[in-house]
Ligand SMILES: *Cc1c(COP(=O)(O)O)cnc(C)c1O
């Protein structure tokens with residue numbers, strides 16, 4: 001690798017943790033309350049306020065995977081049911097369906113947006129279909145207008161995998177406030193904001209919210225914080241279901257409170273970097289990422305470049321060349337239809353998913369994060385240009 005002290009390795013992703021996050025974590029550690037408590041409650045309230053919709057319930061959990069599991073569980077998904085999602089996602093989106101004993105039906109993407117193809121969803125509906133899970137891939141909203149209309153016509157539940165989508169808008173409305181049954185955000189280390197590990201489930205439905213609140217902590221009807229801070233201290237609680245251990249700690253929420261305050265600035269910085277990449281790559285044999293509709297916000301979790309047919313390198317060669325130039329890249333995603341578990345369980349063939357398969361073979365994700373300075377963005381640009389021009 002041609003990295004030097006003046007040109008250190010540019011990793012694919014880095015979290016952007018500020019002094020406020022650190023001070024709040026230290027405050028939490030000193031406070032005597034480190035698991036789910038006042039900071040988590042504040043983080044949830046701040047999250048609802050960020051989405052700007054008083055009718056929403058925001059529930060912090062220890063990962064988006066946990067949140068997706070809880071949302072489907074609360075919707076009553078179980079054995080015999082089918083849930084439709086995109087093959088072009090991380091395995092977490094689909095695995096939660098299997099946790100509940102239901103079946104996953106994978107469908108192809110729209111090659112223009114790389115998000116779930118709504119026509120393919122419609123074609124996959126059977127009498128067993130109970131829900132559909134769109135993914136706002138890379139931070140660009142899926143076609144929720146068409147998808148929600150389809151779901152309404154067929155009586156399907158909709159759970160949005162919004163792991164990439166903070167903040168993303170669709171028709172001017174923030175993801176999290178749309179007319180789906182639940183949306184789930186991720187605060188994993190490389191996401192647009194982070195709590196190390198963490199997630200947030202958002203729903204408008206009070207019954208779903210109640211179920212999630214109970215199931216995220218052992219099926220207990222009140223959490224520990226409520227029990228120990230109620231006016232009359234109470235040791236009494238009731239276990240109403242075999243719940244899970246999915247609560248978020250106050251240590252994590254302390255980070256989340258301050259990351260959330262910076263979410264809009266993070267998005268602007270990511271959008272500015274993406275625009276620099278777009279301009280710099282305009283004349284190369286590449287397909288630059290799809291843009292949001294006019295007036296809409298793309299969260300720019302990922303900057304996904306696809307090689308055109310006339311590119312002189314393969315995707316793998318380009319990744320190797322960038323690595324040799326001291327730049328880390330990734331691929332989002334190896335589609336689920338190629339992963340042994342999903343491939344073998346549902347006997348999937350690449351020909352069933354031509355758009356995802358083709359996009360996968362052409363794509364790589366470039367570094368895009370707020371700790372990158374202009375000089376680092378330029379180094380990525382120069383390296384891509386020198387390899388492809
Ligand atoms: C990161 C991610 C998840 C899982 O998020 P965790 O918080 O790590 O559980 C789910 N779906 C997609 C599309 C993701 O990128």
Which whole-number percent is the relative contact order of the chain (Cα, under 8 Å, 6+ apart)? 23 percent
Can you put 12, 90, 187 in order, fewest other beta carbons within 10 Å first? 12, 90, 187
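Starting from the coordinates of the alpha-carbon atoms of the chain, obtain the Kirkwood hydrodynamic radius over all distinct pairs and give the value in Å to one decimal. Before the final figure, lay out the partial values.
Working: mean 1/r = 0.0459 Å⁻¹.
About 21.8 Å, per the Kirkwood formula over Cα pairs.
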Here the alpha-carbon Rg of region 263-388 over 2.2 N^0.38 Å rounds to 1.14
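Which percentage, to the nearest 5, of the DSSP beta bridges contained in the chain is antiparallel?
On the way: 22 of 38 bridges.
Antiparallel: roughly 60 percent of the beta bridges in the chain.
Would you calculate a helix-derived [θ] at 222 nm for the chain, using -39,500 (n - 2.57) for each DSSP H run of n ≥ 4 and dividing by the full residue count, to the nearest 500? Provide the component values of the computation, followed by the final result.
Details: 14 runs with 152 residues, N = 389.
About -12000 deg cm²/dmol.
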Beyond 18 Å, what share of the Cα-Cα pairs of region 40-189 is found? Please give it as a whole percent. 53 percent
Can you put 205, 117, 143, 382 in order of Cβ neighbours within 10 angstrom, beginning with the fewest? 382, 205, 143, 117
Förster radius 51 Å - calculated FRET efficiency between residue 237 and residue 6, Cβ distance, rounded to 0.05: 0.30
Compute the relative contact order of region 240-335 as a whole-number percentage, counting only Cα pairs closer than 8 Å that sit 6 or more residues apart in sequence. 20 percent
The helix 206-215 Cα axis meets the longest alpha-carbon principal axis of the chain at an angle in degrees, between 0 and 90 and rounded to 10, of 90 degrees
Using the alpha-carbon atoms, what tilt in degrees (0 to 90, nearest 10) does helix 144-154 show relative to the longest principal axis of the chain? 50 degrees
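Tally the DSSP beta bridges in region 1-135 and give the antiparallel ones as a percent, rounded to 5. Provide the component values of the computation, followed by the final result.
Numbers: 2 of 11 bridges.
Around 20 percent antiparallel, to the nearest 5.
Each reported figure results from applying straightforward, stated rules to the coordinates on display, with no laboratory input. Just so it is clear, the model here is predicted, and its values are computed rather than measured. Heads up, the Cβs are rebuilt from the backbone with ideal geometry, glycines too, and the neighbour counts pull from every protein chain shown.
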